[in-house]
Amino acid sequence: MFKNNFIISLCLLLGLNVYAQEIVTDRPDQTESALCLYTSQLQVESGISWNFQDGDGFSSNSLVVPGTLFRYGLGGPLELRVFQQLVRETNGTNALLGVADLEVGLKFRLKDAANSSLKMAFLTHLIFPSGTEFLSNKKYGSLNKFCISHDVSENTSLGYNVGYNYYGQGKGDLSYSLSYGIGISDRTAMYVEAFGTVEEMEEFITNFDAGMTYLLKPNFQLDFSWGTGIQRKMNYVSVGVSWKTGGRGGM
């Protein structure tokens, strides 16, 4: 029984084999899960994060209060996704509050066979230049990722993403992440992760983070994470909650 609980905890963290009734989230790590919601399932993933950056003569602190992802199962292999953030940003003595650009997208299930631990999906978001003046990129953009996950052993798993982001100008950025998850108990799991970008196809940026999840109920999860930059001075701390309702599993 305890061995099975280990596996369920990992599924909750990285999106691996799990019963349809259990919640599987795309937070708190940067690696998006390779699972899609089933028909008529609604999932809300929301969190508060404190972000600190210092580099290239520029220093800023931001508080996301909150950032929320809405996910809805459209049926078949498709999941609808809407993401929005309310941000308080401080630069020096100036503090501004506003909303970030809206993201709307889809996740496509590519491989999710019941007899295989390998899961694959493709995710794409369209960025609308709808945010507050100081937060908006002022151009349409897109975020795109291949999402893959699989079991390593009975209580460890890997999730990884490779993607390309375009923000309406320049060459765009390649993105990557690799998350290693460990099941601790039937309710708790933790992870360590490397993630980053190749900015404008030239500069390689690497970051590190770690965190944990705690399952209060099969459809209700709490999380905590912390991250830091390797080449650049960057730190963040985040806490969040995720909730799922609707649907009965199946396609």
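None of the figures in this text is laboratory data; all of them are computed from the coordinates on show. Not measured: the values here are computed from a predicted model. Cβ: placed from backbone, ideal geometry, glycine included. Neighbour counts: every protein chain shown.
Details
- Helix 2-14 vs. the chain, principal-axis angle (Cα, 0 to 90°, nearest 10): 30 degrees
- Label-reachable residues, region 30-47, where backbone N falls under 17 Å from a point 7 Å from residue 146's Cα toward its Cβ: 31-35
- Restricted to Cα atoms, the chain shows a radius of gyration and a Dmax of 17.8, 57 angstrom.
- Full extension of the chain between residue 228 and residue 117 gives 36.9 nm of extra length, using 0.36 nm per residue less the Cα-Cα distance.
- For the chain, lysine pairs separated by 8 or more sequence positions, or belonging to different chains, with Cα-Cα distances below 19 Å total 10.
- The distance between label points at residue 139 and residue 162 comes to 2.6 nm (points 7 Å beyond Cα on the Cα→Cβ vector).
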